[in-house]
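The values are calculated or read from the model by the stated rules, or taken from the named source; none is laboratory data. Source: prediction; values computed, not measured. Cβ coordinates were reconstructed from backbone atoms using ideal geometry, including for glycine residues, and neighbour counts include every protein chain displayed. Areas reflect the complete protein model, heavy atoms only, side chains present, ligands, DNA and RNA absent. Shrake-Rupley method; radii C 1.70, N 1.55, O 1.52, S 1.80 Å.
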Amino acid sequence: MAETIYWKPPAFEVPRAVVFGRQGYEGEYELCGRKKLGRFVPGNTPDIVLFSSIVSRKQGEFGIVESRCFYRDLGSKNGTWIGDVHYRGENSTCELFDGDVLSFCPGGGRDNPQEIILLLTGDAKRREWKSIPFSDKIAGITIGRGLGDLSLEEETVSEKHAVFFHARQGWAIMDCGSKNGVFCNGRKVEGNACLNPLDVLRIGDVWFVYTEEGLWMGRKMPAADRQEAAEKPSFSVSSSSIEEGNYLSISIEERNVWQRFKKKTLLKDIHLTIADGEMVLVLGGSGAGKTTFMNAVMGYEKADGAMVYGDRNIYEEYQQMKYEIGFVPQQDLLRETDSVYETLKNAAMLRLPVSFPETKRLERVEEVLAIMGLKPEQDSLVSKLSGGQRKRLSIAVEFISDPKLFFLDEPDSGLDGIMSRSLMENLRQIADTGKIVMVITHAPDRAADLFHKVVVLAKSTKDQSGHLAFFGTVEEAYAFFDTDSLEGVVRRINRADEGGDGRADEYIRKFAAGRFGFH
């Protein structure tokens, strides 16, 4: 007789309840047997203690039945939310699974939780929780595998996975086209999502809880790595890039104008982060709003949103920040009868602080002359300069004040290929000094290799607004748009009657949905 083989369930691993309040991590408990949950008061000591006044003394209980975990509300005043379901009353029982979140909210409503419990199974007891404090000095946090501000060596984390950034309503999370996505409260983030206190996020195999004090991160650790992890952090936060706040966080909800008493939206839903030392190309289809975007970023024309550089909000501190922003328009405003040296000396007098010593002022003039390649022309009149030399002088006038943010709208307009390339090399040299340089040009392929990143804007046929169709490196743009040139990128998103492929809506959706992963 053949031996009877019975199915054996997998080894049961005791789940854990991890408790978070508005200020952060409060503790965790193994859910073996039956565990009562409630608010601590003298004479009432539940197995799992919560501290919020909206939690009842006898709120609920956990139970393990045949290797399955259940929760039962004990007739609490405000009930317990698990996902989108409100459990309230002694007969309210449900089964719990890995990653379920129990929320305790005032008035029985779903919003504004005061405490939560995150249920974790599997390797939960080997999960280590770390605090990542937020402050006004942090413009954004980039998360990725092997790079970024928050580097996670997880196979499920993409090279550039997500970005935490300042939005109009507070902090937000943006999926950077990751392979495995970003989940907030169990739902996949499409594009970006604003965060509320005690939101629970999952990136790969890593959990995050957003609190009023910042982020708490929990990462699973193999048993063999526990000792090594105790000696070496399992993740790293770059102090040079976060604490010093050298990121420009751009968040445009909408940029509107009024025409004939009707609101027209020019730009919509544009969120990205640029680091110091990066030279960024702004590329776009016809009418996509490239100049409007640039004006909004530098605060010249404010949008509904926020522009944060380091610990400073450009919109809120524009009167002070405008002296740290350089802008070179298409048309120069140079005085024809001055020499190159006189032009820069006058600019130094106007743009550098009054407290700046005269010797330092003249040293700055000499330095900028050298950077922009104008030393041989320093005694020439402006009227005698070539087109390329005039462009360099216009840039030098703005650069004399050593701005942290540098914006240029078609600086190579009217120049031939050689002069255009030379000018872009000067701009790259400026970026290499640690500045953020943002450029609009209609001849991008002349200097494609000089740009660190490219912003692609496209005009949607649905709402006639400019949207973000791509943000990443030039090489990533080639792959994303399936082309071998930046002019080919524009061709993809331009209308058919403009000689393009008419695929703007497709690429706007593709980038927002995060279906393309960079690895």
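Give me the percent relative contact order of the chain, please, defined on Cα pairs under 8 angstrom at least 6 residues apart.
Details: 1163 pairs, mean separation 61.6, N = 519.
Once normalised by length, the contact order is 12 percent.
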Solution diffusion estimate, µm²/s, Stokes-Einstein, the chain, Kirkwood Rh from C-alpha pairs, 25 °C, viscosity 0.890 mPa s: 94
For G305, residues with placed amide H under 5 Å, excluding near neighbours: E253
Report the full-extension gain for the segment R34 to I418: residue separation times 0.36 nm, less the Cα-Cα distance, to one decimal in nm. 130.5 nm
For the pair R187/D338, report the inter-label distance in nm, with labels modelled 7 Å from Cα in the Cβ direction. 5.6
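How much net charge surrounds V200 when only other residues with a Cβ under 12 Å from its Cβ are counted (Lys, Arg +1; Asp, Glu -1)?
It works out to a net charge of 0.
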Förster radius 35 Å - calculated FRET efficiency between D402 and L381, Cβ distance, rounded to 0.05: 0.85
When the chain is fully extended, how far beyond the present Cα-Cα distance does T265 get from K302, taking 0.36 nm per residue of separation? 12.0 nm
How big, on average over all directions, is the shadow cast by the Cα convex hull of region 451-502, in nm²? 3.5
Ranked by accessible surface with a 1.4 Å probe, highest first, in what order do H161, H86 come? H86, H161
Nearest-ten-degree value, helix 504-513 long axis tilted from longest Cα axis of the chain: 40
Scoring only Lys, Arg, Asp and Glu (+1, +1, -1, -1) among other residues with Cβ under 12 Å from the Cβ of E366 yields +3
Which aspartates and glutamates does K179 reach when only Cα atoms under 12 Å apart count, and residues fewer than 8 places away in its own chain are ignored? E155, E159
Residue farthest toward the positive end of the dipole of the chain, with Cβ of Lys/Arg at +1 and Asp/Glu at -1: which of Q23, M424, A448? Q23
Rg/Rh for region 44-105 to two decimals, with Rh computed the Kirkwood way over all alpha-carbon pairs. 0.94
To the nearest 10 degrees, how steep is helix 358-371 against the longest Cα principal axis of the chain, on a 0 to 90 scale? 90
Please work out the FRET efficiency for the pair E475 and E358, using the Cβ-Cβ distance as r and a Förster radius of 41 Å; give the result to the nearest 0.05. 0.30
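Of M321, M419, which has the most accessible area with a 1.4 Å probe, and how do the rest follow in descending order?
Of M321, M419, the descending order of accessible area is M419, M321.
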With a 1.4 Å probe and all protein chains left in place, how much of the accessible area of region 454-494 comes from carbon and sulfur atoms, in whole percent? 42
Cα axis of helix 340-351 to longest principal axis of the chain: angle in degrees, 0 to 90, nearest 10? 40
Let's test this: bin the Cα-Cα distances of region 284-362 at 10 Å from zero up to the farthest pair and state each bin's percent. 14, 33, 32, 18, 2
Could you rank T441, T461 by how accessible they are, 1.4 Å probe, largest area first? T461, T441
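Which loop GluC sites (Glu not before Pro) in region 323-392, with loop taken from DSSP, have no more than 12 other Cβ atoms within 10 angstrom of their Cβ?
Working: sites: E324, E336, E342, E358, E363, E366, E367, E377; in loops: E336.
Here the sparse-neighbourhood loop sites are E336.
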Added length on full extension, which subtracts the Cα-Cα distance from 0.36 nm per residue, V257 to Q429: 58.3 nm
Sites T461 and N196, calculated FRET efficiency, Cβ-Cβ separation with R0 41 Å, nearest 0.05: 0.80
